[in-house]
Structure formats: C-alpha cells, structure tokens
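Okay, here's the structure, questions in a sec.
Since every read-out is calculated from the coordinates, none of them should be taken as a lab result. What you see is a predicted model; the values in this text were computed from it and never measured. With ideal geometry, Cβ positions are generated from the backbone for all residues, glycine too; neighbour counts draw on all protein chains shown.
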Amino acid sequence: MRVYLPVTHSGLRDLVASGGLGPSPLVGYAVTGALRESYAQGDEEELEYVAMTAAAKAALTLLARAEADPPRRVVVAVDVDTAYPCHEAGAAGVELPQVVPMRQVASVHLDTDEAEQDVAAAVAMLRAGGPRDVDEEFLLDACEGHELAWFATQEIGDLLA
C-alpha cells in the first residue's frame, strides 16, 4: 500500500540520519475504503492525488510547530504492508504501526520556490491560531494550488544540501 507521510525538512534529515521514519505509530494518508466511498467517481490516480494532498495539508500543521524549518511542505511516499484506519485524520487517514525503513521510501514530494510565500503565510496563520474565517481558509487553499515536485530517493541528499 502506498502511504503519504507528512514531514518537515528536519524530518527528512532524520530519515537520512537514522535510516527510517519514526517513531511509530505514524499517521499518514492513503487510498482507503472510506476515501473510495467519498470519491466514488475518482480513478486510482485521482484518489492517490487526494491522499497526497491530505498529507501536504497535514505538513502545514507540522511546519506550524517547527520554527526552524523552511516554509516548504514535504511528503514522503512509502510502500508498506500494514496500515490501519485512522479516522481522526479523515477519510484518507491511516496509522502505521512501525518505523518505516528507508528501503520502503518510494519518493519525496516537496514544495518549489514558487510556493514558499503562500506556505509561509499559511504557517503564520496556523501559528496564530487560525483559520478563524474565510479569508484565513483561503491561505490554506492557496497552498493547495501549488503542486508538490517529485524527487527520487537518490535525490534526498541534494534536497537537504
């Protein structure tokens, strides 16, 4: 099963340093039965995109807690055998019961330079206790308007340089 895990740049550094993502349990996003029911018309590719978008949104929350990380959403795609529904994380939410080793990382998805201003604004709003109104919700929507760039696992070192 492909699972999208929200992390920060620090989390990406920890992945490289320790050789895995953890500690467990990890909350991620995947194409679940609940997601399939809520997007009955979506094909597999569209459902994967919805799951990754949910992870990218969760990455904003992680960034709001991580003062030192650059304002860029980071999502790590992993392939795992076991994931359990995590209803608190929405229709795509899953929980992984163990640390994910580097060999199970399929790719990394990261904001480009063009997204930095919108992500920084959304993170500042989250740190201030938002979203409190439609205007602040718009800041989250602006982030979703930016596609995450795809990187192979061999490129992770370059992303951290």
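How far apart, in nm, are two points set 7 Å out from the Cα along the Cα-to-Cβ line at L160 and at S18?
1.2
Rounded to the nearest 0.05, what FRET efficiency do T153 and R132 have when you use their Cβ-Cβ distance and R0 = 35 Å?
Once the sixth-power term is evaluated, E becomes 0.35.
Using the Karplus curve 6.51 cos²θ - 1.76 cosθ + 1.60 with θ = phi - 60°, work out ³J(HN,Hα) for each residue of segment 28-36 in order, rounded to whole Hz, and write x for Gly and Pro.
x, 9, 8, 7, 9, x, 5, 5, 4
Can you tell me, using C-alpha contacts under 8 Å and at least 6 residues apart, the relative contact order of the chain as a whole percent?
Numbers: 282 pairs, mean separation 46.8, N = 161.
With pairs under 8 Å counted, the relative contact order is 29 percent.
At 0.36 nm per residue, minus the direct Cα-Cα distance, what do D79 and A142 gain on full extension? Give it in nm, one decimal, please.
19.8 nm
Could you tell me which of rounded, prolate or oblate describes the chain, using a ≥ b ≥ c as the square roots of the eigenvalues of the alpha-carbon gyration tensor, with rounded for a/c under 1.5 and, failing that, prolate when a/b is larger than b/c and oblate otherwise? Let's see the in-between values first.
Values: a/c = 1.56, a/b = 1.09, b/c = 1.44.
Taking the square roots of the gyration eigenvalues as a ≥ b ≥ c, the chain is oblate.
Counting Lys +1, Arg +1, Asp -1, Glu -1, what net charge surrounds Y29 among other residues with beta carbon under 13 Å of its beta carbon? List each step's numbers first, then the result.
Details: positive: R2, K57, R73; negative: E48, E88, E95.
Once positives and negatives cancel, what remains is 0.
Order 86-98, 60-72 from most to least packed using the mean count of other Cβ atoms within 10 Å. The partial results should precede the final answer.
Working: 86-98: 18.2, 60-72: 16.1.
Highest mean packing first, the order is 86-98, 60-72.
For the residue pair E44 and A120, what label-to-label distance in nm results when each label sits 7 Å from Cα along the Cα-to-beta-carbon direction?
My value for the distance between the label points is 4.1 nm.
Compute, for the chain, the length of the dipole vector about the Cα centre, with Cβ point charges of +1 (Lys, Arg) and -1 (Asp, Glu) only. Units Debye, rounded to 20. Can you show the working numbers first?
Values: 10 positive and 27 negative charges, 140 e Å.
So the dipole magnitude of the chain works out to roughly 680 debye.
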